[in-house]
1. Take Lys17 and tell me if it is crowded, with 16+ Cβ neighbours inside 10 Å and assigned to a loop (DSSP other than H, G, I, E, B).
2. For segment 49-62, state whether one or more residues are without any contact (Cβ under 8 Å) to a residue 24 or more places away in the chain and either over 12 Å from the mean Cα position of the chain (by Cα) or open to solvent by 50 Å² or more (accessible area, probe 1.4 Å) (or both).
3. Identify all residues within segment 45-67 that are closer than 17 Å to Lys17 by Cα and of a type outside the set (Phe, Trp, Tyr); write none if there are none.
4. Residues that are among the small types (Gly, Ala, Ser), surrounded by 17 or more Cβ atoms within 10 Å (Cβ to Cβ) and either at pLDDT 85 or above or not in a strand (DSSP E or B) (or both): does segment 33-44 have at least one?
5. Can Leu2 be described as at pLDDT 90 or above, open to solvent by 20 Å² or more (accessible area, probe 1.4 Å) and part of a loop (DSSP other than H, G, I, E, B)?
6. Can you tell me which residue in segment 94-118 is surrounded by the most Cβ atoms within 10 Å (Cβ to Cβ), limited to those that are touching a strand residue (DSSP E or B) at 6+ places or on another chain (Cβ under 8 Å) and at pLDDT 70 or above?
7. Within the set of pairs 6+ apart or on separate chains, which have a first residue in segment 95-108 that is under 11 Å from Trp79 (Cβ atoms), a second that is part of a helix (DSSP H, G or I) and modelled with pLDDT of 70 or more, and C-beta atoms under 6 Å apart?
Amino acid sequence: MLVNWTQPKHVFIVCGKTDLRKGIDGLAAVVAENYDLDLFDDSLFLFWGARNDRFKGLYWDGEGFILLYKRFENGGLRWPRHRNDAVQLSRRQIKQLLEGISPLPVKRIKPAPNGHLY
């Protein structure tokens with residue numbers, strides 16, 4: 001599991017910034033208090049902090065929680081900062097995230113003030 005990010009049945013990205021000083025209990029509380037998701041359903045939760053070259057993961061392996069910490073030495077991640085939800089990622093989106101491509105791109109088209117798109 002430490003190498004294969006797609007092994008868990010569910011992989012959720014917690015959008016926005018999370019205080020990465022939090023440990024297992026703090027990150028579990030973030031999920032439990034803010035999202036209607038089951039921490040114990042073969043789910044990996046990924047959290048991003050202020051820096052784009054690192055993230056933490058929280059995973060229940062059936063016996064206890066595993067806290068993962070990943071830091072890239074040659075680049076960074078494109079984490080969705082403009083959202084405040086937890087989104088389940090597909091295998092393709094996990095691969096994009098680990099390649100530095102935002103798995104949840106921000107829409108760049110904005111409606112005109114009168115409501116019409118040009």
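The values are calculated or read from the model by the stated rules, or taken from the named source; none is laboratory data. Source: prediction; values computed, not measured. Please note: Cβ atoms are built from the backbone with ideal geometry, for glycine as well, and neighbour counts cover all protein chains shown. Just so you know, the surface numbers come from the protein's heavy atoms only, side chains and all, with ligands and any DNA or RNA stripped out. Shrake-Rupley method; radii C 1.70, N 1.55, O 1.52, S 1.80 Å.
1. On the way: crowded, with 16+ Cβ neighbours inside 10 Å: no; assigned to a loop (DSSP other than H, G, I, E, B): yes.
So Lys17 fails the test.
2. Among the residues of segment 49-62, at least one is without any contact (Cβ under 8 Å) to a residue 24 or more places away in the chain and either over 12 Å from the mean Cα position of the chain (by Cα) or open to solvent by 50 Å² or more (accessible area, probe 1.4 Å) (or both), which makes the answer yes.
3. First pass over segment 45-67, keeping only residues closer than 17 Å to Lys17 by Cα: 45-58.
Leu46, Gly49, Ala50, Arg51, Asn52, Asp53, Arg54, Lys56, Gly57, Leu58, listed by residue number.
4. Step one: filter segment 33-44 for residues among the small types (Gly, Ala, Ser), giving 43.
Still in the running and surrounded by 17 or more Cβ atoms within 10 Å (Cβ to Cβ): 43.
From the residues that got through so far, the ones that are either at pLDDT 85 or above or not in a strand (DSSP E or B) (or both) too are 43.
Yes, there is a match, as at least one residue in segment 33-44 is among the small types (Gly, Ala, Ser), surrounded by 17 or more Cβ atoms within 10 Å (Cβ to Cβ) and either at pLDDT 85 or above or not in a strand (DSSP E or B) (or both).
5. On the way: at pLDDT 90 or above: no; open to solvent by 20 Å² or more (accessible area, probe 1.4 Å): yes; part of a loop (DSSP other than H, G, I, E, B): yes.
Here the answer is no, as Leu2 does not meet what is asked.
6. If we filter segment 94-118 for residues that are touching a strand residue (DSSP E or B) at 6+ places or on another chain (Cβ under 8 Å), which is where we start, we get 94, 97, 103-104.
Within this subset, residues satisfying the condition of being at pLDDT 70 or above are 94, 97, 103.
Working: Ile94: 19, Leu97: 23, Pro103: 20.
The selected residue is Leu97.
7. Cβ pairs passing all conditions: Pro103/Gln93; Pro103/Gln96; Pro103/Leu97.
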